[in-house]
Amino acid sequence: MEKEQTTPLRKIIHIDMDAFYASIEQRDHPEYRGRPIVVGGGPEGRGGVVATASYEARKFGIRSAMPSKRAQQLCPDAIFIRPRFDAYREASRKIREIFRRYTDLIEPLSLDEAYLDVTTDKQNIGSAIEIAKLIKQAIRDELQLTASAGVSVNKFVAKIASDMQKPDGLTFIGPSAVESFMEKLPVEKFFGVGKVTADKMKRMGLFTGADLKKLSEADLVQHFGKTGRFYYRIVRGIDERPVEPHRETKSLSAEDTFPYDLTTLEEMNGELDKISQVVHERLLKYGLKGRTITLKIKYSDFRQITRNQSFPYPLNDLPTIRATAKQLLAATDPEDKKIRLLGVGLSNFHDPPPPPPGHAAQLELF
């Protein structure tokens, strides 16, 4: 068994803005307040994708990454608004200025959420709960927005805690409560557990952290690969990951597993349009541009391949992402093949040295 954490307990805050984009739209446009707002692509034509929705819209079951056409079906009165990323980035900048009043150890995860390590804070307040309250109040007073906060001794628990009393929540999970908290946590709330893994766990009779805790580390690794080591430690309240102010995002992607196998190029390209739009909106949300576009394909027999194309310059525009994904797909001769999953991603976010004159984009197939 691995040696358990012996370093002093940290004070970690996870701040997560409440329906960030939609709340900014409602703040800036009084006529939207109290109404179901959907920020993202509209439902017209092929339809876009929901980036976020106001709490009034979420009551109808509308959620992020949902097709806008489906959102309109769930709530015909929903108001669809195109994102204003400049406004969201400006609000995010001001929020981080508030964070910096208390600590420089800030790890942004996106425009609307971040980890803060306040083990030692600039104002010598000493209490992470008090700092979280002050941050929430400053965001409300200065930006007319609300945030939810989770406070605990590590990143994992703080992030889960911030989601427990939304909106405008503040949840503290103290050191003595962490392990019992993890035991009660549903498996689908664990890092890296998507729908497929959650279903696998439940078929094994694993429904909560307490169930996972019954398995040895070797058993967890056998069933779930290297992530099993993380499950083994985190269910015991051990998460030693530091808050990283300069954490690099190495890739960003989206994928979809289909309810039936795709067999025509028209179906495949239609799905790539939707997935590419999700990737595009996430790139804008994180303020990223990448030089490598990757296509992921999983066939009905679970065979999986990737194809990618690198460019000599960083990009994040939707037409290029869509067109490149379709070109990479066409190069695999997809007609009449049964495809159960497609994914699109961008990576290589650092600007390279200027390319030599006449340099063309490289197409890598492997």
Practice item. Rounded to the nearest Å, what's the spacing between the alpha carbon centres of the stretch 36-52 and the stretch 283-340? Just the number, please. Key: 22 Å
Review point. Can you give me the relative contact order of the chain as a percent, contacts being Cα pairs under 8 Å and 6 or more apart?
Key: 14 percent
Check your understanding: Quick one: putting +1 on the C-beta of Lys and Arg, -1 on the C-beta of Asp and Glu, what dipole do you get for the stretch 251-365 around its Cα centre, in Debye to the nearest 20?
Key -> 340 debye
Exercise for review: Could you tell me whether the stretch 178-294 comes out rounded, prolate or oblate from its Cα gyration tensor? Rule is a ≥ b ≥ c as square roots of the eigenvalues, rounded for a/c under 1.5, then prolate if a/b exceeds b/c, otherwise oblate.
Suggested key: oblate
Check your understanding: Can you sort Leu206, Leu9 so the residue with the fewest Cβ neighbours within 10 Å comes first?
Key -> Leu9, Leu206
Check your understanding: Quick one: putting +1 on the C-beta of Lys and Arg, -1 on the C-beta of Asp and Glu, what dipole do you get for the stretch 1-115 around its Cα centre, in Debye to the nearest 20?
Key -> 100 debye
Practice item. For the chain, give the magnitude of the charge dipole about the Cα centre (Cβ charges: +1 Lys/Arg, -1 Asp/Glu; no others), in debye to the nearest 20. Key: 380 debye
Check your understanding: Fewest first, what order do Asp273, Asp199, Asp333 take by the number of other Cβ atoms within 10 Å?
Key -> Asp333, Asp199, Asp273
Check your understanding: Cross-link list Lys69/Lys136; Lys136/Lys213; Lys59/Lys159; Lys69/Lys250; Lys155/Lys298; Lys166/Lys195: which exceed 25 angstrom alpha carbon to alpha carbon?
Key -> Lys69/Lys136; Lys136/Lys213; Lys69/Lys250; Lys155/Lys298
Practice item. Give the whole-number value, in cubic angstrom per residue, of the convex hull volume spanned by the C-alpha atoms of the chain. Key: 171 Å³
Study note, to complete from the structure: Scoring only Lys, Arg, Asp and Glu (+1, +1, -1, -1) among other residues with Cβ under 12 Å from the Cβ of Ala51 yields +2
**Study point:** FRET efficiency, 1/(1 + (r/R0)^6) with R0 25 Å, evaluated for Glu188 and Tyr299 via beta carbons
**Key:** 0.40
Review point. Given the stretch 179-234, what whole percent of its Cα pairs are spread farther than 18 Å?
Key: 17 percent
Point to revise | Simple spin-label estimate for Lys59 and Arg33 in nanometres, 7 Å along Cα-Cβ | key: 1.7 nm
Practice item. Putting +1 on Lys and Arg Cβ atoms and -1 on Asp and Glu Cβ atoms, find which of Thr120, Ile24, Ile95 reaches farthest to the positive end of the dipole of the chain. Key: Thr120
Review point. Looking at the square roots a ≥ b ≥ c of the eigenvalues of the Cα gyration tensor of the stretch 251-365, which shape do they give, rounded for a/c under 1.5, prolate if a/b is larger than b/c, or oblate?
Key: prolate
Practice item. Taking the convex hull of the Cα atoms, report for the stretch 226-273 its projected area averaged over all directions, in nm². Key: 6.5 nm²
Practice item. Tell me the label-point distance for the pair Gln222, Arg101, using the 7 Å Cα-to-Cβ offset, in nm and rounded to one decimal. Key: 5.4 nm
Practice item. Specify the inter-centroid distance of the stretch 121-142 and the stretch 254-275, based on alpha-carbon positions, in whole Å. Key: 46 Å
Check your understanding: What spacing in nm lies between the two simple spin-label points modelled at Asp163 and Asp317, each 7 Å away from Cα in the Cβ direction?
Key -> 3.6 nm
Exercise for review: Show that you can apply the helix-only estimate: for the chain, add -39,500 (n - 2.57) for every DSSP H stretch of four or more residues, divide by all residues, and state [θ] at 222 nm to the nearest 500.
Suggested key: -10500 deg cm²/dmol
Practice item. May I ask you to derive the relative contact order of the stretch 179-234, considering only C-alpha pairs under 8 Å and at least 6 residues apart, and to give it as an integer percent? Key: 33 percent
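Coordinate-derived values only; no laboratory data. Values in this document were obtained by computation on a predicted structure and should not be read as measured data. Every residue, glycine among them, receives a Cβ derived from its backbone with ideal geometry; neighbour counts consider all protein chains shown.
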